[in-house]
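Everything on this sheet refers to the single structure shown next.
The values are calculated or read from the model by the stated rules, or taken from the named source; none is laboratory data. Because the structure is a prediction, the values reported are computed rather than measured. Note that each Cβ is placed from the backbone with ideal geometry, even for glycine, and that neighbours are counted across all protein chains shown. Accessible surface areas use protein heavy atoms only, side chains included; no ligands, DNA or RNA. Shrake-Rupley method; radii C 1.70, N 1.55, O 1.52, S 1.80 Å.
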Amino acid sequence: MKGLYFQQSSTNEEITFVFQERENLPVTEDNYVKLQVKACALSQINTKLLAEMKMEKEFFPVGREVAGIVLDVGSKVSFFQPDDEVVGILPLDSEDPGLCEAVRVHEHYLVHKPEKVTWTEAAGTIRDGLRVYTALHYLSHLSPGKSVLIMDGASALGTIAIQLAHHRGAKVISTACSLEDKQFLERFRPPIARVIDVSNGKAHVAESCLEETGGLGVDIVLDAGVRLYSKDDEPAEKSQLLPHKHDIITLLGVGGHWVTTEENLQLDPPDSHCLFLKGAAVAFLNDEVWNLSNVQQGKYLCILKDVMEKLSTGVFRPQLDEPIPLYEAKVTMEVVQKNQGRKKQVVQF
């Protein structure tokens, strides 16, 4: 039985993905479930976070968003039984790669998969659904009538965010990074209030949002990264399509919530003062926070269950690429790690 792992160079700059033979899984004990993997979605690996959490090892398992069939359960498992169809996210410290025929996982990381949801849809939606719920429900308190700016709405994460915001009765504004993205976003039903095409560098995000909201600013912003410096001073790898942090602060309304994916966000005293005057808040979107603490386990499982329920009822329609076989996972994972893909990649077994 083969599994996919990654190995970092001594300088921690390069990542190499390798298939390795695995020993048979141990006998399932206590609260653990043995799972036959039917699909596994691919996401970027945050090597910096792993280093900070002292989780570095020579070979680290790859693939955490899994959907499959329960093969065996431990003596203390209370939620599942053999032949149940389940979906979940393997914890950061999992010793098993999701990109493998079978894995062993604690039952508290799994929920039942609705019958009408396919394996690839379940695995491909579970993590982005968790991230969007964390951003819009727990960090910014989304409610009907609020205005929401979703940056890069045609991305896998942005697509789910737009659909949840629409479902909750919010007014949605989104940015598009290409003409193709703009056309995709304009096909949303219900329609997006405004699509801001930033691909040609002419559209000004702050001005467009203020115009759309009558000068009041938006209630919630979910970014896809921000520029911290001027274009000349920004590192070359930083996309020039990203808005500057000052643009985000300018377009925020009174009492607004800015949810950022920029883990190294730097706010100068004038930035903080402007946020203070608006009574606005900044929150950091780290979906791993649920994994790093067992205190919120009940809320975590409720989110996963609700994501699957909305997927089964058609509220969520994920941006999935064509499923790929396991033998292509190594090459595809290299693309995903470099953040070069747009649609969610899912390996189907």
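Of note:
- Mean residue ellipticity, 222 nm, helices only, the chain: the sum of -39500 (n - 2.57) across DSSP H runs of n ≥ 4, divided by residue count and rounded to 500, is -7500 deg cm²/dmol.
- Each label point was placed 7 Å from the Cα along the Cα-to-Cβ direction; for GLU21 and ASN200 their separation is 5.9 nm.
- Once C-alpha pairs closer than 8 Å and six or more residues apart are averaged by separation and normalised to the residue number of segment 144-284, the relative contact order reads 20 percent.
- Projected label distance in nm at GLU29 and GLN7, using a 7 Å step from Cα toward the beta-carbon: 3.0
- Links that overshoot a 20 Å alpha carbon limit, given the list LYS202/LYS343; LYS38/LYS76; LYS38/LYS330; LYS171/LYS344; LYS310/LYS344; LYS34/LYS113: LYS202/LYS343; LYS38/LYS76; LYS171/LYS344
- The spacing between segment 102-129 and segment 308-349, judged by their C-alpha centroids, is 13 Å.
- Relative contact order, percent, the chain [alpha-carbon distance under 8 Å, six or more residues apart]: 18
- Only the Cβ atoms of Lys and Arg (+1) and of Asp and Glu (-1) were treated as charged; on that basis the dipole of the chain about its Cα centre amounts to roughly 920 debye.
- Legend: residues VAL172, VAL336, sorted from most to least accessible area (1.4 Å probe; ligands, DNA and RNA excluded), read VAL336, VAL172.
- For the pair segment 22-57 and segment 146-185, the centres of their Cα atoms are 31 angstrom apart.
- The loop-placed GluC sites (Glu not before Pro) in segment 244-330, going by DSSP, that have at most 12 neighbouring Cβ atoms within 10 Å of their Cβ come out as GLU263.
- Using a probe radius of 1.4 angstrom, the carbon and sulfur fraction of the accessible surface of segment 58-127 is 43%.
- In segment 39-75, trypsin sites (Lys or Arg not before Pro) in a DSSP loop with at most 15 other beta-carbon atoms within 10 Å: LYS54, LYS57
- Positive-end residue, the chain charge dipole about Cα centroid, Cβ charges, pick of VAL195, GLY214, GLN20: GLY214
- The label point for TYR229 and the one for LYS76, both projected 7 Å from the Cα toward the Cβ, are 5.1 nm apart.
- When ASP83, ASP72 are compared by accessible surface with a 1.4 Å probe, the order from highest to lowest is ASP83, ASP72.
- Net charge dipole, segment 144-284: roughly 600 debye, given to the nearest 20, about the Cα centre with Cβ charges of +1 for Lys and Arg and -1 for Asp and Glu.
- Here the extension length gained between LEU49 and ARG189 equals 46.7 nm, from 0.36 nm per residue of separation less the Cα-Cα distance.
- Accessible-area composition of segment 144-284, carbon plus sulfur, in percent [1.4 Å probe]: 53
- Remark: the chain carries 47 Å² of accessible area per residue (probe radius 1.4 Å; ligands, DNA and RNA excluded).
- Cleavage-rule hits (chymotrypsin sites (Phe, Trp or Tyr not before Pro)) in segment 12-67: DSSP loop, at most 15 neighbouring Cβ within 10 angstrom: PHE59
- Segment 144-284 shape via C-alpha gyration tensor axes, a/c threshold 1.5: oblate
- HIS112 contributes an accessible area of around 90 Å² to the protein surface, as traced by a 1.4 Å probe with all chains present.
- Full extension of the chain between LYS330 and HIS273 yields a length gain of 15.8 nm, computed as 0.36 nm times the residue separation minus the alpha carbon distance.
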